[in-house]
Amino acid sequence: PRSALECVRRTARSPFPTQHSPLTLTSHMQTLYRLLGFDPTKHNLRTELMAGLTTFLTMSYILAVNPDILASTGMDKGAVFTATALASALGTVLIAFLAKLPFAQAPGMGINAFFAFTLVAGMGYSWQTALAAVFVEGIIFILLTAFNVREQIVHCIPKTLRFAISAGIGFFIAFIGLKNSGIIVKNPATLVALGPFTPVSTLAAVGIVLSAVLMKLRVRGALFYSIAACTLIGIPLGVTVIPSGFAPLSMPKSLAPTFLQFDFKSLLNPDMALTIFALVFMDIFNTIGTLIGAAANTEMMDAEGNVKNMKEALMADAIGTSVGAVLGTSTVTTFVESSAGIAEGGRTGMTALSTGVLFFVALFFAPLFLLIPSAATTGALVLVGVLMLSSIKDVDFDDISEALPAFVTVIMMILTYNIAEGMSLGLISYTLVKTLSGRWRHVSLTLYIVSALLVLRYVLQL
């Protein structure tokens, strides 16, 4: 029939054929699939772009926080901001094209504090020496990844702990949101307590409820709309501060004060060798934990708990760390806030590419992006934590040798405020309980080696 023939012709002209179309993908769609893993018959472009925007907004706080932390070492704050944005953009684009996964990278929280307050303020090294240590760390990452050592470390993690890691990261990022918004505050008697009702904490609570309602109503981009709405609501509350003479557009600050500012002489010190060792393991477990945790319960993870294109993702992380050091910032790592974009439906490198582009755009619109208060992102962080908690149901709680290590992993991520510490202690406890209960065959040789190295790391801290 003529109408049917016309329908086929329209389908052939469309760059986005449907799942039911027998036609092959157009050449530019085949290119997108080959480069980014984006298949228009399975993935939605708007969803991927919205997921990338959500990821960016959820982790954009790093553009304000990282320069503040590293500036305490004497580094130029403007140069560090530029380095942070560029390193985040380049690292995230690397993940998009190398791994075709919806993850984003930026200078890691916790590791930047280690850089500023341990290496420089505590141990007395210059920030130039600290940058050199980060650069060497990145080179070691590249070598470990190229020879599949990091991948072997990933595969040695028991399936139980992979599920626990996902739940632990969910609790961890929710706790970050609650702490940053003042809903949870420190207490000298109980360590933590419920904070007072302030405009900041009230706005954060509104964001949590609004995010939940929008997700329940199946609103696409729910977390993004919640962030945007809370930013606007924060204006009359005094939480979102618009400075006088505000201009959203500005030229990037020069990188000259931090670019290639390395001092390798002090790296020959034995203490610095141990420090680089610590940096290596911190980044390894932060990255592995984030990849496994955020990919759980999606098609990005297979039945055995392995993340697809893991080696490529690890290589992107390794290169990002070295490039970040060259530009003038601390260790670049995969961010747990990538979970926000994944929760919005991001599944391919298209999500990461859009996030990376936004980091580059942020170089020119820094004043506008820095308007978003941390309280506005609390709802996204808490809701992502809720979604990631579902993986805990796959842990075998009837077997104490499986349940205890899983519990240790989850609880220690939160109480130590460190993903890497939770994973390390979970792996050590798994090895000890299995071995001492006569089930040593359940522990791989690689896991024995990793556990021994982790124990050595703690012994050296005594």
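Residue by residue, here is whether (1) at pLDDT below 90; (2) among the hydroxyl-bearing types (Ser, Thr, Tyr); (3) under 26 Å from the mean Cα position of the chain (by Cα); (4) on the phi < 0 side of the Ramachandran plot holds:
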residue: LEU249; (1), (2), (3), (4): yes, no, no, yes
residue: PRO252; (1), (2), (3), (4): yes, no, yes, yes
residue: SER266; (1), (2), (3), (4): yes, yes, no, yes
residue: PRO270; (1), (2), (3), (4): yes, no, no, yes
**Asked** So how many residues does the stretch 70-113 have that are out of contact with any Gly (no Cβ under 9 Å at 6 or more places or on another chain), crowded, with 21+ Cβ neighbours inside 10 Å and of a type in the set (A, V, I, L, M, F, W, C)?
**Response** 4
**Request:** State all residues of the stretch 223-246 that are in a helix (DSSP H, G or I) and loosely packed, with under 14 Cβ neighbours inside 10 Å; if no residue qualifies, say none.
**Result:** LEU232, ILE235, PRO236
**Complete:** ALA375 vs (1) touching a residue at least 24 places away in the same chain (Cβ under 8 Å); (2) surrounded by fewer than 22 Cβ atoms within 10 Å (Cβ to Cβ); (3) more than 18 Å from the chain's Cα centre (by Cα): all pass except (2)
**Close pairs (9 angstrom Cβ cut-off, 6 or more residues apart or separate chains): part of a loop (DSSP other than H, G, I, E, B) in the stretch 250-261, open to solvent by 60 Å² or more (accessible area, probe 1.4 Å) and among the aliphatic types (A, V, I, L, M) anywhere** = none
**Request:** Output the number of residues of the stretch 378-414 satisfying the condition of being within 19 Å of the chain's Cα centre (by Cα) and either farther than 30 Å from THR202 by Cβ or modelled with pLDDT of 90 or more (or both).
**Result:** 4
**Message:** Of everything in the stretch 318-369, what is over 17 Å from the mean Cα position of the chain (by Cα) and either modelled with pLDDT under 85 or not in a helix (DSSP H, G or I) (or both)? Give them in sequence order.
**Reply:** GLY328, LEU363, PHE364, PHE365, ALA366, PRO367, LEU368, PHE369
**Prompt:** Got a number for residues in the stretch 206-232 being without any contact (Cβ under 8 Å) to a residue 40 or more places away in the chain and over 13 Å from GLY379 (Cα atoms)?
**Reply:** 5
**Prompt:** Is it the case that the stretch 284-297 has a residue that's closer than 13 Å to LEU119 by Cβ and modelled with pLDDT under 75?
**Reply:** no
**Request:** Go through the stretch 1-71 and tell me which helices (runs of 4 or more DSSP H), entirely inside it, have 1 or more residues that are modelled with pLDDT of 80 or more, β-branched (Val, Ile, Thr) and more than 18 Å from the chain's Cα centre (by Cα).
**Result:** 45-59, 62-71
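The values are calculated or read from the model by the stated rules, or taken from the named source; none is laboratory data. Quick caveat: nothing in here was measured; it's all calculated off a predicted structure. Cβ coordinates were reconstructed from backbone atoms using ideal geometry, including for glycine residues, and neighbour counts include every protein chain displayed. Note: areas computed on protein heavy atoms with side chains; ligands, DNA, RNA excluded. Shrake-Rupley method; radii C 1.70, N 1.55, O 1.52, S 1.80 Å.
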